[in-house]
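See structure below.
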Amino acid sequence: MSGITSALQHHHKLCDEDFAGAEEAAHKGDWTACAAIYDKFRNEMLAHFSVEEDVLFPAFEERSGMVDGPTQVMRSEHVQMRALLQQMDEALLQKNADDFGGTAGTLLIMMQQHNMKEENILYPMCDQALGQDGDLQSRIAAGLNV
Amino acid sequence: MQPGLSFEQAPPISVPFRFFLTAPLFGMAAGLLLLWQGPAAFASRWTPVALALTHLLAVGFMLQAMCGALLQMLPVAAGANIWQPRRVTHLTHAGLTIGTLLLVAGFLSGTALLFRIAVPFMTISLGAFALIVLIALFRTPAQGPTISSLRIAVFGLIVTIALGATLASAFGWQLALPLIEITHVHAAWGLGGWSMLLVASVAYLVVPMFQLTPPYPAWLARSFSLTLFCLLAAWSLTWLPLQRPAGLQVALGCAAALLTMVFAVVTLRLQGQRRRKVTEPTLLFWRLAMAVLVVATFAVVLQQLNPGVEDYAGVPFLLGVLLMVGVFMPVISGMLYKIMPFLNWMHLQKIGKPGLVVPNMRQMISEPRMMMQFRLHLAALILLLAAVPLPWLVYPGGVALIASCVWLEWNLVVATRNYARFSSELAARLAAEQAPSPQPPSQGRG
C-alpha cells in the first residue's frame, strides 16, 4: 500500500543519509567534501519543505478543513529548521567545525522529531483524507526531484 | 480522534528541570553513605544500609529523573497531555524528594513512624502520577511500539508502588507479612517491569533518532514489553506461599533475563549499524549501559541456576551495581545530555523571532565536560564491581560515584544557567532591534 505520502517518507531517509555524510566530513575537517554533500542535503531539505508547504499541506487543508491544525505546526518547524540551515551555511563558510557540529546536532533532533510526527500522525491523516490522487502524487514526485 | 494534535503542549522548562537537578543529589548521597559505611554496606542485601542505598539510587536518582523526563516527553513525543501539569509536577517532585528522604531515614534509624508517614505520602503522590500518566497514554491518538510499551511500563510502576507500600506498611505497623518474598518481587518489578520497560520504550524512539540507526526489528518492538511483563507476572506468582514450584521459578527468571539480554544485544547491533559516524557522549553512555546489561542479565541467569549463590552477600551487591550504576544511571545521564540542551534550545526559540540566532545545543553543555563525567562514572562502576572481591575498593568507588554525580549536577547547573543567560541576552537583543524603529513587528509566525 503506497499512499500519497510514501515518496515523502522515503525522502526523509535520503535527507538523513546526506546529513550524516556532511556531518562526518565536517568532523574530519574535510571541508571540500562537506561543502559538496551539505549542498545536496540543503537542497533536498528545502525542496522537501516546499513540496509540503505548496502541494501537500494545501491539498490536505482544503480536503479536511483543518487549517490551523498540525500543518501549521509543521510549517513553523520548517521555519526553525530553515534558520538552523542558515546557521550551518554560515559555519561552513567560516569552516567553524564547532558551530557546524553543534548546529548539526540540534538540527538532527529537530528534524527527527519532526519526521516522527509527520510519519506517525500527519502523513497517515493525509493519506486517509486524500486517497489515491495521481496528479497530486506526480506533483510531489516532481517537487522532490531537484 | 481529536482533531487538534497536541504538538505544542510542551510544559514550562521548570517542570522537567527541577527533577533533573534533584536526581544527582541523591546519587551523591548514595556515595557518601558508601564512604560512611565502608564494606559493611554490602555485608548483606537485608541490612538497613543496603536498603537505604538501593532506594537512594532507585527512587532518589532513577525514578526522579525518569518522572521528569516522562512529564516532558509525553505531550511532545507521544501527544499525551497530562492533566493539571503544574499540580502533578509539584506533587510528584515532593513525593519523590521527601519520600526518598523519609524512606532512607526510616531504614537507617529503624523508626516505624517514618514509614507510617512515607506510606500514605508516597502512595498518593506517586500513585497519582502513575495513574495520570497512564490515562494520558490511553487517551493519546498516537500509536506505535513506544506508546504501547510505555503503557505496560507504567503498569509495572504501579505494581512496584503497591508492593513497596505493602513492605513499608509492614515496617510501619509491624505487620506479619512474608517480607523476603515480597521484597524479591518488588525489586524485580522496579528494575525489570518498570525501569527496563521504560528504557526499552524510549530506546525504540531515540536509538534510531540520535544515531540514525535502522529501526528496531518489528517483532522485538512489538513483543518485548508484553512478553517481559507476562514472564515477570508468572514469576511473581511462583512466590505465592503455596507449594513453591522451584524449577518453574528458575525457568521463568532465566527466560526474563535472556529476553532482556536479547534486547541489549539488538540495541548494540543497531548502534553498530548507525549511519551517523560522529561519536557523542550520549552514544557512549548508551553503549556502556547496553554492554553492562548483557553482563548483568548473564549474571542473573547464573544466579538463578546456582541457588546457593544467594547466600554469598556479594551477589546482590554485584547485581545492584551492574543494573543501577552500570545500566540505568548511564542511560539517564546520556539522555539528560540530550534532553536539557534541546529543551534549552527549543524554549529559547520561543523567546526569539525568526532571524534571531539562538545558541546551538553544544553551547549549552560542552562535550568535553560530558566526557569527563562519562570517565568518572566508568571509574565508579569498575571500582564498585571490584569491591566485591576487594572490599576496601568501596572507598575509592564511593568517591568516584560522588565525583560522577557532582560532575553531572554541575553540567546540569551550567545548562540551566546558560538558559537563563541566553534568554536574557535574546530578550535584550530583541528589545534593541525593536527600539530604533517603532513600527509594528512584522508577522513573523510561520
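Once C-alpha pairs closer than 8 Å and six or more residues apart are averaged by separation and normalised to the residue number of segment B:129-243, the relative contact order reads 32 percent. Burial annotation for segment B:274-313: residues with an accessible-area loss of at least 50 Å² between the isolated chain and the complete set of protein chains, computed on heavy atoms with a 1.4 Å probe, are B:R275, B:R276, B:V278. Taking every protein chain into account, the accessible area of segment A:6-144 amounts to 40 square angstrom per residue (probe 1.4 Å). Enter the Cα centre distance for the pair segment A:71-146 and segment B:61-86, rounded to the nearest angstrom. If you average the Cα positions of each part, the centres end up 26 Å apart. Per residue, segment B:303-390 exposes an accessible area of 36 Å² to a 1.4 Å probe, with every protein chain left in place. Can you pick out the pairs among A:K40/B:K350; B:K277/B:K338; A:K28/B:K277; A:K95/B:K350; A:K13/B:K277 whose Cα atoms lie more than 19 Å from each other? Cα-Cα > 19 Å for A:K40/B:K350; A:K95/B:K350; rest within.
What's the angle, to the nearest 10 degrees (0 to 90), between helix A:97-117's Cα axis and the longest principal axis of chain A? For A:97-117 against chain A, the angle is about 10 degrees. Using DSSP H assignments, which helices in chain B have an axial alpha-carbon span of 30 Å or above and a mean Kyte-Doolittle hydropathy of 0.0 or higher? What comes out of the filter, once short or polar helices are dropped, is B:14-37, B:85-109, B:112-139, B:145-173, B:246-272, B:281-305, B:329-351, B:394-434.
Based on the Stokes-Einstein relation at 37 °C and a viscosity of 0.692 mPa s, and on the Kirkwood radius from alpha carbon pairs, segment B:226-318 is assigned a translational diffusion coefficient of 218 µm²/s.
With all projection directions averaged, the alpha carbon convex hull of segment B:37-136 covers 6.8 nm². Solvent-accessible area assigned to carbon and sulfur over chain B amounts to 70 percent, based on a 1.4 Å probe.
Packing order of peptides B:245-258, B:86-99, highest average first: B:86-99, B:245-258 (average count of other Cβ atoms within 10 Å over each peptide's residues). Pairs of C-alpha atoms in segment B:273-338 farther apart than 20 Å represent 39 percent of all such pairs.
Considering only B:L385, B:L322, B:L284, the mean-square fluctuation computed in a Gaussian network model of chain B, springs between alpha carbons under 10 angstrom, is largest for B:L284. Per residue, the average separation of C-alpha pairs within less than 8 Å and at least 6 apart gives segment B:1-92 a relative contact order of 45 percent. List the residues of segment A:47-70 that lose 10 Å² or more of accessible area once all protein chains are present, compared with their chain alone (1.4 Å probe, heavy atoms only, no ligands or nucleic acids). Correct list: A:M66, A:P70. Coordinate range of the alpha-carbon atoms in segment B:162-280 per principal axis, descending: 57, 32, 20 Å.
Based only on the alpha carbon positions, what is the Kirkwood hydrodynamic radius of the protein assembly as shown, in angstrom? It works out to 25.5 Å.
For the chain pair A and B, the interface hides roughly 3000 square angstrom of accessible area in total, found with a 1.4 Å probe.
Taking the C-alpha atoms only, the angle from helix A:6-28 to the longest principal axis of chain A is near 10 degrees. Counting Cβ atoms of other protein chains within 10 Å of each residue's Cβ and taking the mean over peptide B:335-347 gives 2.
Using the Cα gyration tensor of segment A:6-144, with a ≥ b ≥ c the square roots of its eigenvalues, what is the shape: rounded (a/c below 1.5), prolate (a/b larger than b/c) or oblate (neither)? Prolate, since a/c reaches 1.5 and a/b exceeds b/c.
On the principal axes of its alpha-carbon atoms, segment A:1-84 has extents of 49, 31, 15 Å, going from largest to smallest. When chain B is treated as a Gaussian network with alpha carbon springs shorter than 10 Å, the biggest mean-square fluctuation among B:P16, B:P396, B:P368 belongs to B:P368. For segment A:9-90, the share of accessible area belonging to carbon and sulfur comes to 51 percent (1.4 Å probe, ligands and nucleic acids excluded). Note on surface exposure: A:K13, A:K117 rank A:K13, A:K117 by accessible area, highest first, 1.4 Å probe. Modelled label positions at B:A162 and B:A94, each set 7 Å beyond Cα in the direction of Cβ, lie 2.6 nm from each other. For chain B, adding -39500 (n - 2.57) for each run of n ≥ 4 DSSP H residues and dividing by the number of residues yields -24500 deg cm²/dmol at 222 nm. Over all distinct Cα-Cα pairs of chain B, the Kirkwood formula returns a hydrodynamic radius of 22.8 Å.
The values are calculated or read from the model by the stated rules, or taken from the named source; none is laboratory data. Fair warning: this is a prediction, and the values are worked out from it, not measured in the lab. Cβ: placed from backbone, ideal geometry, glycine included. Neighbour counts: every protein chain shown. With ligands, DNA and RNA removed, areas are computed over all heavy atoms of the protein, side chains included. Shrake-Rupley method; radii C 1.70, N 1.55, O 1.52, S 1.80 Å.
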